[in-house]
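Below you'll find the structure, written out as structure tokens, and then a few comments.
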């Protein structure tokens, strides 16, 4: 996978990735965005990286689930959310769920409105019979979320940490 070595190219990718992801919160939702990985794949392609393919355990593919995004396309940065930069990803592990991995996108400030940040954006995935939705909470709200397994804090065993795209690392 080619890396973006020019700081201007890196900044452009981060901006486009975050704009695309946050844009799905404001709608309309693209048909390909049905879960958290779908939101990440959508934003990746909209950002115009060097390749639209993802690395997977089976080689390059057009599709990658959350686990393959984490393991083959990103590098661990930290377990501290304060080390996140816009377009970095927060990964979570929930072993009791049908889909045990979850990903959220760190936006930093909003690209669409003047609002205090930083924000994250994610797709809930299907909830029961509902198709789920894109949410964009303040990071401060997520850090005190009622269900502690979704808090991006170093002491949360379900929070795997902050990850950065390999093309930016």
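The values are calculated or read from the model by the stated rules, or taken from the named source; none is laboratory data. Remember, it's a predicted structure, so these values are computed and weren't measured experimentally. Note that we place each Cβ from the backbone using ideal geometry, even for glycine, and neighbour counts take in every protein chain shown.
Side notes on the structure shown:
- Picking from residues in the range 59-69 that are touching a residue at least 12 places away in the same chain (Cβ under 8 Å) and surrounded by fewer than 21 Cβ atoms within 10 Å (Cβ to Cβ), the one that is farthest from residue 91 (Cα to Cα) is 63.
- Exactly one residue out of 38, 48, 108 is farther than 17 Å from residue 150 by Cα and at pLDDT below 95, and it is 48.
- Residue match in the range 84-92 (condition: touching a residue at least 60 places away in the same chain (Cβ under 8 Å), part of a loop (DSSP other than H, G, I, E, B) and farther than 18 Å from residue 19 by Cβ): no
- In the range 126-145, the residue that is nearest to the chain's Cα centre (by Cα) out of those that are within 22 Å of residue 108 (Cα to Cα) and in a loop (DSSP other than H, G, I, E, B) is 136.
- Residue that is surrounded by the most Cβ atoms within 10 Å (Cβ to Cβ) [pool: residues in the range 126-157 that are touching a helix residue (DSSP H, G or I) at 6+ places or on another chain (Cβ under 6 Å) and within 23 Å of residue 44 (Cβ to Cβ)]: 152
- Restricting attention to the range 93-110 and to residues that are closer than 18 Å to residue 20 by Cβ and crowded, with 17+ Cβ neighbours inside 10 Å, the residue that is farthest from the chain's Cα centre (by Cα) turns out to be 110.
- Only a single item in (1) more than 26 Å from residue 64 (Cα to Cα); (2) surrounded by 14 or more Cβ atoms within 10 Å (Cβ to Cβ) is not met by residue 113, and it is number (2).
- Restricting 90, 13 to those that are out of contact with any helix residue (DSSP H, G or I) (no Cβ under 6 Å at 6 or more places or on another chain) and at pLDDT 95 or above reduces the list to 90.
- When the test is whether a residue is more than 21 Å from residue 128 (Cα to Cα), surrounded by 19 or more Cβ atoms within 10 Å (Cβ to Cβ) and in contact (Cβ under 8 Å) with a residue 40 or more places away in the chain, residue 21 passes it.
- Test: residue in the range 71-78 that is closer than 12 Å to residue 37 by Cα, in contact with a helix residue (DSSP H, G or I) (Cβ under 7 Å, 6 or more places away or on another chain) and at pLDDT 95 or above: no
- Output for the range 32-58, where each listed residue is exposed (fewer than 14 other Cβ atoms within 10 Å of the Cβ) and over 21 Å from residue 102 (Cβ atoms): 48, 50, 51, 52, 58
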